[in-house]
Amino acid sequence: MNKKLILAGAAAVVGFISLTAFDGKTLEQQKAEIAQMVTSKLDAYRTEKMAECDARVDAEAQTRYEAVVAARAEEAAKAKPGAKPKKTTKGTSKPLPPAAPPAKTPVDDKKDKMQGTPNTDDKKDKMQQAPNTDKKKAKMQQPTGGGGK
């Protein structure tokens, strides 16, 4: 009798352990749970790296902004010898200044004539510098006495 009770107790313990060890989840449920945990860890890692990248970009933008402001202050100081450059505060949240437009290149008169594009500014200058045209008009209005009625 004792042997039967010991064997029944051992079978009950093995059965209890085997039923509670697997939590009653199927393979698909376990895979879905693992995928969910992996996704959450990847999202946390992604947001951490994005924050680091944003911090580096902000730091670089701030240093470039300060360099541009310093360069403009130097240009202003060169333009006005008695004026002092303005102080800049560190850590401002001002946006970067817009890029300056490229300087215009001087126009070459010979190139304009060769390319066939009219240079209207030069024509206007020549017309303003032309000699008095009243004498030309007077010659044109004089009768030549060449015949007629």
* Could you tell me which of A73, A61, Q36 has its Cα farthest along the dipole of region 25-87 towards the positive end, charges placed at Cβ (Lys, Arg +1; Asp, Glu -1), taken about the Cα centre? => A73
* Cα-based Rg / Dmax (Å) for region 25-87 -> 25.6, 83
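Laboratory data are not the source of any read-out in this text; all were calculated from the coordinates shown. Predicted model, so just to flag it, every value in this text is computed and none were measured. Counting neighbours? That spans all protein chains shown, and the Cβs are built from the backbone with ideal geometry, glycine included.
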